[in-house]
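Everything below concerns the one structure shown next.
No lab work stands behind these numbers, since they all come straight from the coordinates. Values in this document were obtained by computation on a predicted structure and should not be read as measured data. No Cβ is skipped: glycine too gets one built from the backbone with ideal geometry, and neighbour counts run over all protein chains shown.
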């Protein structure tokens, strides 16, 4: 698990570098009035017939979604998410476990109950309609919209694993 976490975090860190590069490229091309950046004879999956400034902007949002949502489960499992520490820290480990378990059951489970099916429908609607970005951006938006149910599923899995650990601690 630790090796998987380390590799995942390195890939996501590389995603931040790619995001920064896309931002710089978009700013430079915009300042030099270079648009489109490249054109193709035939449609290329995701890109369409050209790479434009709007494609770069869409790409930035796609990368941001990936580096923001995919590691949420890892953050949850590490216990580095936000809480009210000045109230939480003085408590015994069993009370901390009870509070965390109650939070998981009261807030996380209902959230995932509604959001996992909704996010899957959201992605499937984009896939079946062959949704593409407007104004010359990226095509095949179902690819990025599929990150939402995948990321939420990974986060739900992390909450389940943590809840099982918390049940053992409370006992």
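Computed quantities for the displayed model
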read-out	value
(1) 20.4, 65; (2) 18.9, 62; (3) 15.9, 50, with the label sought being that of the calculated Rg and Dmax of the Cα atoms in Å	(1)
Gaussian network model of the chain, springs between alpha carbon atoms under 10 Å - residue of 42, 22, 50 with greatest fluctuation	42
On Cα atoms only, tilt of 93-103 relative to the major axis of the chain in degrees	50 degrees
Relative contact order [Cα under 8 Å, 6+ residues apart], the chain, whole percent	29 percent
Tilt relative to the chain, helix 2-31 - C-alpha long axis, 0 to 90 degrees, to 10	30 degrees
Sorted peptide list for 116-124, 67-75, 32-40, 53-61, criterion being average Cβ within 10 angstrom, highest first	53-61, 67-75, 116-124, 32-40
Cα centroid of the stretch 67-114 to Cα centroid of the stretch 118-154, whole Å	28 Å
Additional length obtainable on full extension of the chain from residue 122 to residue 1, 0.36 nm per residue less Cα span	40.5 nm
